[in-house]
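In what follows, a structure is listed as structure tokens, so that the remarks can point back to it.
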Amino acid sequence: MRHKCTLDLHPDWVVFQHDVANTFNSVSRIIIFQKLCVVGGDIIQLIPFIYAFYAFESPLFYSHYNCESEVMVIPSTMGIRQGDPLGGVLFALIHFRTLCFITNHFPSCLCPSITDDIHIISPPLNCIICI
């Protein structure tokens, strides 16, 4: 909602919207645990709980739909489990650094982000530099 108000106040500003395809499935679970340890604080108390769901391979079921196809199981150590209520938080740990990089180098940019949908809102001159 904040970016909508910003654009109402600054109709000449530009918006770059990017949906990072398949990002939730591409996140390294090892990186998730590393980021949890770096963040520290109270979130460390969640590590054993998160470990129970993410420390081991997940079976991904694949089938090519034809008459003779069989279901293949592909083991995966990547990605955030669909439907996980902590999924958004775990994903945010991964791409927060990128958003901080953008806002540190381009302080006039706003970077609202919901999961893998990233928006960069900026005055026209800064946006040319960002892209």
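A short reminder: the numbers here are calculations on the coordinates, not readings from a lab. Since the model is a prediction, treat every value here as computed from it, not as a measurement. Here the Cβ positions follow ideal geometry from the backbone for every residue, glycine too, while neighbour counts run over all protein chains shown.
Cut-off 10 angstrom, C-alpha nodes, Gaussian network model of the chain. Which of 77, 98, 23 fluctuates the most?
Most flexible of the set in this elastic network: 98.
Residue 108 to residue 26: FRET efficiency via 1/(1 + (r/R0)^6), r the Cβ-Cβ distance, R0 35 Å, to the nearest 0.05? Please list the in-between numbers first.
On the way: r = 30 Å, r/R0 = 0.86.
Efficiency computed from Cβ-Cβ geometry: 0.70.
Compute the FRET efficiency between residue 82 and residue 9 as 1/(1 + (r/R0)^6), taking r as their Cβ-Cβ distance and R0 = 25 Å, and round to the nearest 0.05.
Numbers: r = 38 Å, r/R0 = 1.50.
About 0.10, to the nearest 0.05.
Please report 93, 99 as a ranked list, fewest other C-beta atoms within 10 angstrom at the top and most at the bottom.
Details: 93 19, 99 16.
Listed from fewest to most nearby Cβ atoms, that is 99, 93.
Dipole magnitude of the chain about its Cα centre, charges +1 at Lys/Arg Cβ and -1 at Asp/Glu Cβ only, in debye to the nearest 20? Mind dumping the intermediate values first?
Working: 6 positive and 10 negative charges, 84 e Å.
My answer is approximately 400 debye.
When the chain is treated as a GNM, springs tying every alpha-carbon pair under 10 Å, which of 117, 84, 42 comes out with the largest mean-square fluctuation?
In the Gaussian network model the winner is 42.
Return the Rg/Rh value of the range 2-130, two decimal places, where both radii are evaluated on C-alpha atoms and Rh is the Kirkwood radius.
Numbers: Rg = 19.0 Å, Rh = 17.3 Å.
Rounded to two decimals, Rg over Rh is 1.10.
Using Cα springs under 10 Å in a Gaussian network model of the chain, which residue among 87, 79, 40 shows the largest mean-square fluctuation?
Largest GNM mean-square fluctuation: 40.
Evaluate E = 1/(1 + (r/R0)^6) for residue 101 and residue 38, where r is the Cβ-Cβ distance and R0 equals 22 Å; express this FRET efficiency to the nearest 0.05. Before the final figure, lay out each step's value.
Details: r = 16 Å, r/R0 = 0.71.
So the FRET efficiency works out to roughly 0.90.
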